[in-house]
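Read-outs throughout are calculated quantities, based only on the coordinates presented, and are distinct from any laboratory measurement. Predicted, not measured: the structure shown is a model, and the values here were computed from it. As a convention, Cβ positions derive from the backbone with ideal geometry for all residues, glycine included, and neighbour counts pool all protein chains shown.
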There are 2 protein chains.
Amino acid sequence: MHTIDFEPVGLRGECPEGESLLGCARRLDVDLVSLCGGMGACRQCRVQVVAGPVSGRTASEEAVFSGRERNHRLACQAYPLGDVKVHVPPESLTAPQRTQVEGLELDVRPDPPVRGCEVTLSPPSLAAPDSDDLNLRAALERGHGVEVDAIDYAVLREISPRLRQWDWRASAAVRAGEVVALGAPSTRWLGLAVDIGTTKIACYLVDLQTGRTLCSRGLMNPQIAGGEDVIARIYTAGKDPENADRLQGMLVEALNRTVGELSAEAGAERTDIAEAVVVGNTAIHHLFLRLPVGQLGQSPYVPALRCALDVKARDLGMELAPGAWVHLLPNIAGFCGADHVAMILATRLAEREGTSLALDIGTNTEICLNVRGRMTSVSCASGPAFEGAHIRYGMRAAPGAIEHVCLDGDRLEIQTIGNEPPIGICGSGLLDVAAQLRIHGVLDSGGRMLAHPRVREREGVREFVICERGGREPITVSQQDVRELQLAKAAIRLGIRALCEAEGLDERAVGEVVVAGAFGTFIDIDSAVAIGMLPPLPRERYRQVGNAAGTGARLALVSLERRREAERIALACRYIELAGIPGFHHRFAAACAMDRG
Amino acid sequence: MHTIDFEPVGLRGECPEGESLLGCARRLDVDLVSLCGGMGACRQCRVQVVAGPVSGRTASEEAVFSGRERNHRLACQAYPLGDVKVHVPPESLTAPQRTQVEGLELDVRPDPPVRGCEVTLSPPSLAAPDSDDLNLRAALERGHGVEVDAIDYAVLREISPRLRQWDWRASAAVRAGEVVALGAPSTRWLGLAVDIGTTKIACYLVDLQTGRTLCSRGLMNPQIAGGEDVIARIYTAGKDPENADRLQGMLVEALNRTVGELSAEAGAERTDIAEAVVVGNTAIHHLFLRLPVGQLGQSPYVPALRCALDVKARDLGMELAPGAWVHLLPNIAGFCGADHVAMILATRLAEREGTSLALDIGTNTEICLNVRGRMTSVSCASGPAFEGAHIRYGMRAAPGAIEHVCLDGDRLEIQTIGNEPPIGICGSGLLDVAAQLRIHGVLDSGGRMLAHPRVREREGVREFVICERGGREPITVSQQDVRELQLAKAAIRLGIRALCEAEGLDERAVGEVVVAGAFGTFIDIDSAVAIGMLPPLPRERYRQVGNAAGTGARLALVSLERRREAERIALACRYIELAGIPGFHHRFAAACAMDRG
């Protein structure tokens, strides 16, 4: 009997002799993806053995992993020979355990903008009737060498009863010479990092002193009510100031609700949150701040604001510590925003030598090419197909969604999220279907659906049957669904090509591709390459990193040095307008081809 | 025929040969005070001849003015011999022309916190798609050498449509590296100075660039609904947070209304006001900011805030330029506030050599003694008697109020404000009555009313008949009214004595007494000395300066140097607690004596 530790999901348990890591994971409810039933064929159940002895690599594993990937294994092929510690990358988990909040671990020495200072004041007397503000200033200077320039107005509004209630002891949160919050003695000051996507939002609650993420939560962006993509929302907001107010209000309301949940989970008060960092694409950033967006929707598509911004939480209606600041990372261009800067920050793309590419795939996909420190970015309107929108049986990555498929003759293996009965198909599933159909000749190079035992026609449109569902209509992928996917993938591929050409590079010269974003983390890279969404580079050049924008927001939350680096990135990064490249329409059509290469 | 100019009221007109300045003033509706009908006896119609030939001084004038007061005249005794320019000091005017807003002229080189910068931006293009914020920053740097650290959030919320509406030209209001407002090209940026008294408020609209006061307005403090004096309001606010909210709300509402009126008068918009300075006593300052006041009402009576404060107008609900700051001058102690600092600033008391005393007489009276640069202050609860409260026929200084009287045997000459039929008696009138009664032996040293043809008894209380009013009850001053006045004047005199003693000085060593405040400006100094409210110093040592706190607020509004000086004053000024001096009760009783000396 061996003890197996699955990290970072934090599940551990016994493993009898002769059970594979996959079998053990299944028993312990670690939801590893597996399509082939443990045959070493689907290559989905990838893990890394961090410590402990396991059986040797099989031939099918040797075919999957490079020599450098020494400790990488397929869970179905690896048998523990003693106690083992296993790292499960997010892309090997089904959705319930891999939300949009997962991302790179923070690798930074905390250097937070807000410092917590425990103070003990001298109670005033008739002989020394010190005012409460000067009393607090003196205690901060005496105890911490902190010279206070200002005490936030909201702090002043509570200072007198609080100091007396706490018997002249308190914890002061000081930011650049300003007291932004006053708490009971020993308050643990928290920070909030938020990545607002067009469709989804990730929120993280962080201990400002240690830099540790205490808890996190994903939620839907309620602004979807104002349009699925940013263009629709810019139009909605521009039509009537009340719409813009409402869009901002519903977003802030959702964030305030989530802040309440996260605080409760961390055993804290929302007023312990003394700083926040928010990132999002430029339109989302502007809609969140209630900045003008009309000019974003018209040539030359300029932001109202590119610089980083500090704004009091109360000015936005955010319910944190009343004197807390919200820091917005800088934007690069009208369609290349603070979330892109955060992604570059988190992946440390700017610091890489050689040629690296980083993509954050979402409703809008931003791509950055770094050639020896020179960065250029592009933005592609990839649309909401990856989120399941405009796809007949499309759905978000939730339990019951088909997330991976594998076609073998007439037989189609499917993997649903949480191993639930299938109810629809999510983005990564759609990508797999298209790739499998293309590989097996069911789709031609132009994306046209050809004859196949599972292809049928309904209302004049061909569709491929994914699975029957008893008496109900089967789940299918139609010719129209494939067309939607083609538009999305063409936008991304054209963006990559445009960047490489701007640098006079061949795509094949790219040494590393970092794929970020919730969706990007869960896709099968081989599928994406098979339909020509990503360039045909060796598999080991790809790295899937989860929500890097959220990680970047957390880095800027706990480190002033990383915050300054974000400003350097935003200033240094060039931006090219995809629609402005020569022969755009012709080249876009060419990029729709469902081919490698 | 000569042309006569009356300044600063700004009335001018013809004067026939043989008409006195008083006669001319009457015809031109310059409401000079005169009790004696032009006999040179009441000495109320004092003016200064600034330019032009007039008849020589009469014997009665020589008795009134010292040799140094060369151009001082009684208007009834001076006859123009050519075109003449006359300065009318506020104390010589009846109330409609002398409101609580009058004060010292600003004598300062403008060095305002907010600088207006005209900018011309480059319209963005696809080739140079500059964001609006960077575009504005570049224009400020290019055109004015101004490096912007921040653009206020409220400015950003309007930046894009505004710049386009104004065809890429604008006027930016910049304050310490922050763009606080953006206006149409050639905007004249304004400042607002406010002196909030316990009873009355003075508001001034100032051109920030020239330092010129454009217009001003006096209004009542609506917080009177929460109590007549600050102790009552502290109690009201402390009882229930909603009360405190309401007290702040009604004050802000009144100020917003007045700001609208002043802006209209100046032909400007309220959003042209890019900075404000507010002063008030500590309790009023706290109630305006909605700071805690409970601790102000309990020993050791400490302020929540002593330091100067910059707070965004929007945080207070003040409707100015949306990014404007409101600057609050520092406080000295729980009962010695920013208005006292402003008064010291305006009178330049801190810079005087020798020994000077400055009083701001009001519902609360603050007094500062400066001995060769060392300042000590005290606060006296003089109460609202001077405002007409708790006085049977008391009223505020409004048309029809008896403001000066002169007793001659049984005959009593009265002067009403605006020469209207008498309807009541205001503070300066009450002071005159008490002084005349004491001088003529109708009051004894203890303030007891003795027999006199005009003294009668009503409901067991003696009263002195001031004037009959046809069929209605006559206007009187009762024994109780005298008692109220005694309490008020005793508090002030005891304050003066306590300060002198703290410095080991005799009162007679005081070289100059500056009497500030609306009420202090209009009183007859001789009357105040006659009943022992002010020490018996030579008349020329007294100087009445009008609303010096309002002037100090205006100085701090247009000059950063004066603002820094205010901080130095607040830090340097010592404060003594009047109730804490040895033998307080006994000494207070002694100070009630109605005697010179």
* Got the residue B:12 label distances to the other copies yet, label 7 Å along Cα→Cβ, in nm, shortest first? -> 9.6
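Give, as a single signed number, the net charge of other residues whose beta carbon lies under 13 Å from the beta carbon of residue A:412, with Lys and Arg counted +1 and Asp and Glu -1. Intermediate results must be reported in sequence, preceding the final value.
Numbers: positive: A:411, A:454; negative: A:408, A:410, A:413, A:432, A:468.
Here the charged neighbours net out to -3.
Which order do peptides B:359-368, A:579-588, A:133-142, B:520-529 fall in by mean Cβ count within 10 Å, highest first?
Details: B:359-368: 26.6, A:579-588: 12.5, A:133-142: 19.7, B:520-529: 22.9.
Final packing ranking: B:359-368, B:520-529, A:133-142, A:579-588.
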* Extending each Cα 7 Å along its Cβ direction at residue A:66 and residue A:590, get the distance between those two points in nm, one decimal. => 2.9
* Provide the percentage of antiparallel DSSP beta bridges, counting only those with both residues in segment A:2-88; round to the nearest 5. => 75
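Only four residue types carry charge here, +1 at the Cβ of Lys and Arg and -1 at the Cβ of Asp and Glu. Report the dipole size of segment B:350-597 about the Cα centre in Debye, rounded to the nearest 20.
Values: 30 positive and 32 negative charges, 70 e Å.
The calculated dipole for segment B:350-597 is roughly 340 debye.
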* To do: Return one number: the angle in degrees, 0 to 90 and rounded to the nearest 10, between the long axis of the Cα atoms of helix B:338-347 and the longest principal axis of the Cα atoms of chain B.
  => 80
* Every other copy gets compared here: list the nm distances from the residue B:539 label point (7 Å along Cα to Cβ) to its counterparts, shortest first, one decimal. => 10.8
* Asked: Expressed as a whole number of Å, what is the distance separating the alpha-carbon centroids of segment A:36-79 and segment B:194-229?
  -> 80
* Structure fact -> Quick numbers on the protein assembly as shown, Rg and Dmax over C-alpha atoms in Å, give 39.9, 129
* **Dipole of the protein assembly as shown, positive direction: furthest Cα of A:131, A:20, A:76, with charges on the beta-carbon** => A:131
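Counting other beta carbons within 10 Å of each residue's own, what order do A:325, A:189 fall into, fewest first? Before the final figure, lay out the partial values.
Details: A:325 23, A:189 26.
With the fewest neighbours first, A:325, A:189 line up as A:325, A:189.
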* **Paramagnetic reach from residue A:445 (point 7 Å along Cα→Cβ, amide N under 14 Å) across segment A:517-546** => A:532
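Grab the other residues whose beta carbon is less than 10 angstrom from that of residue B:524, score K and R as +1, D and E as -1, and report the net. Intermediate values should be presented prior to the final figure.
Values: positive: B:43; negative: B:91, B:403, B:432, B:526.
With Lys, Arg at +1 and Asp, Glu at -1, the net is -3.
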* Which value in nm describes the separation of the simple spin-label points at residue A:188 and residue A:568, placed 7 Å from the Cα toward the beta carbon? -> 3.3
* Return the FRET efficiency for the residue pair residue A:58, residue A:264: r is the Cβ-Cβ distance, R0 is 35 Å, and the value is rounded to the nearest 0.05. => 0.15
* Structure fact -> Simple SL model, points at 7 angstrom along Cα→Cβ for residue A:176 and residue A:468; separation in nm is 6.6
* Structure fact -> At R0 = 56 Å the Cβ-Cβ FRET efficiency linking residue A:209 and residue B:459, nearest 0.05, sits at 0.15
* How far is helix B:241-265 tilted, in degrees, relative to the longest principal axis of the Cα atoms in chain B, given as a value from 0 to 90 rounded to the nearest 10? -> 80
* To do: Note the angle between two axes, namely the Cα long axis of helix A:230-239 and the longest principal axis of the Cα atoms of chain A, as a number of degrees from 0 to 90, rounded to the nearest 10.
  => 50
* Only Lys, Arg (+1) and Asp, Glu (-1) charged, at Cβ; the protein assembly as shown dipole about Cα centre in debye -> 400
* Asked: Rounded to the nearest 5, what % of the DSSP beta bridges within segment B:190-328 are antiparallel ones?
  -> 60
* Structure fact -> Copies of residue B:82 compared via label points 7 Å along Cα→Cβ give distances in nm, shortest first, of 11.8
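Charges only on Cβ, +1 for Lys and Arg, -1 for Asp and Glu: so what's the dipole of segment B:461-503 about the Cα centre, in debye to the nearest 20? Can you show the working numbers first?
Details: 7 positive and 7 negative charges, 11 e Å.
Computed charge dipole of segment B:461-503: roughly 60 debye.
Net charge near residue B:373, counting Lys/Arg +1 and Asp/Glu -1 over other residues with Cβ under 15 Å of its Cβ?
+1
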* **Estimated 222 nm signal from helices in chain A, with DSSP H stretches of n ≥ 4 weighted -39500 (n - 2.57), rounded to 500** => -8500 deg cm²/dmol
* **Cα-based convex hull volume of segment B:190-328 per residue, rounded to whole Å³** => 91
* What share of the DSSP beta bridges in chain B is antiparallel, in percent to the nearest 5? -> 70
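Which FRET efficiency value, to the nearest 0.05, is calculated for residue A:169 and residue B:235 with the Förster distance at 25 angstrom and r the Cβ-Cβ distance? Spell out each step's value before the answer.
Working: r = 29 Å, r/R0 = 1.14.
According to the calculation, E is roughly 0.30.
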* To do: List the residues of segment B:109-130 whose backbone N lies under 16 Å from a point placed 7 Å from the Cα of residue A:502 along the Cα-to-Cβ direction.
  => B:126-130
